1. In segment 28-37, is there at least one residue being among the small types (Gly, Ala, Ser), in a helix (DSSP H, G or I) and within 17 Å of Glu108 (Cα to Cα)?
2. Would you point out the residue of segment 54-67, among those that are in contact (Cβ under 8 Å) with a residue 12 or more places away in the chain and either outside the structural domain of Glu89 (by TED's automatic domain parsing) or assigned to a helix (DSSP H, G or I) (or both), that is surrounded by the fewest Cβ atoms within 10 Å (Cβ to Cβ)?
3. May I ask you to say which residue of Leu67, Leu35, Leu26 is over 21 Å from the mean Cα position of the chain (by Cα) and of a type outside the set (Asp, Glu)?
4. What about Asp106, is it at pLDDT below 95 and over 20 Å from Phe40 (Cβ atoms)?
5. Within the set of pairs 6+ apart or on separate chains, which have a first residue in segment 22-37 that is more than 15 Å from Leu6 (Cβ to Cβ), a second that is among the aromatic types (Phe, Trp, Tyr) and in a loop (DSSP other than H, G, I, E, B), and C-beta atoms under 7 Å apart?
6. So which of Ile51, Ile5 ends up being outside any loop (DSSP other than H, G, I, E, B), surrounded by 10 or more Cβ atoms within 10 Å (Cβ to Cβ) and at pLDDT 95 or above?
7. Can you confirm whether Glu77 is within 29 Å of Phe40 (Cα to Cα), part of a helix (DSSP H, G or I) and at pLDDT below 95?
Amino acid sequence: MQNIILEEMEKLDGILIATTNLNQNLDAAFERRFLFKIKFEKPSEEAKRKIWQSKLTWLNEEDASKLAADYSFSGGEIDNIVRKVIMEEVLSDVKPELHQIIGYCDTEKFSSKSGVKKLGF
């Protein structure tokens, strides 16, 4: 598959923009075909707090600060959790409490704080 992609990249008459969070898996032949590489760091604790509060407007500053401090999530990972919170709110007609949001945070990654590897919800 990689060879096919490399061949197609060589034929491309245009601009290709690609993203990955697994750049360590790119081999030299693949990596050298990208003229520019930009690394985006995970958001700071303050930025994460603002993301939490902008997505869950009813979340108080103390709870948003706790989530930001306790979890090293990217903006996309926070979005995943927010979607779960919204689904819970729609299904039960009740805003989830902080402990429920923490539960979603703990299961967001394959290896959670409890060490349990989980796939899906």
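1. No - not one qualifying residue is present in segment 28-37.
2. My answer is Glu61.
3. Leu35
4. In short, yes.
5. none
6. On the way: Ile5 fails: at pLDDT 95 or above.
Within the list Ile51, Ile5, the selection yields Ile51.
7. Considered against the rule, which asks whether it is within 29 Å of Phe40 (Cα to Cα), part of a helix (DSSP H, G or I) and at pLDDT below 95, Glu77 comes out as yes.
The values are calculated or read from the model by the stated rules, or taken from the named source; none is laboratory data. All values derive from a computational prediction rather than experimental measurement. Positions of Cβ are backbone-derived with ideal geometry, glycine not excepted, and every protein chain shown enters the neighbour counts.
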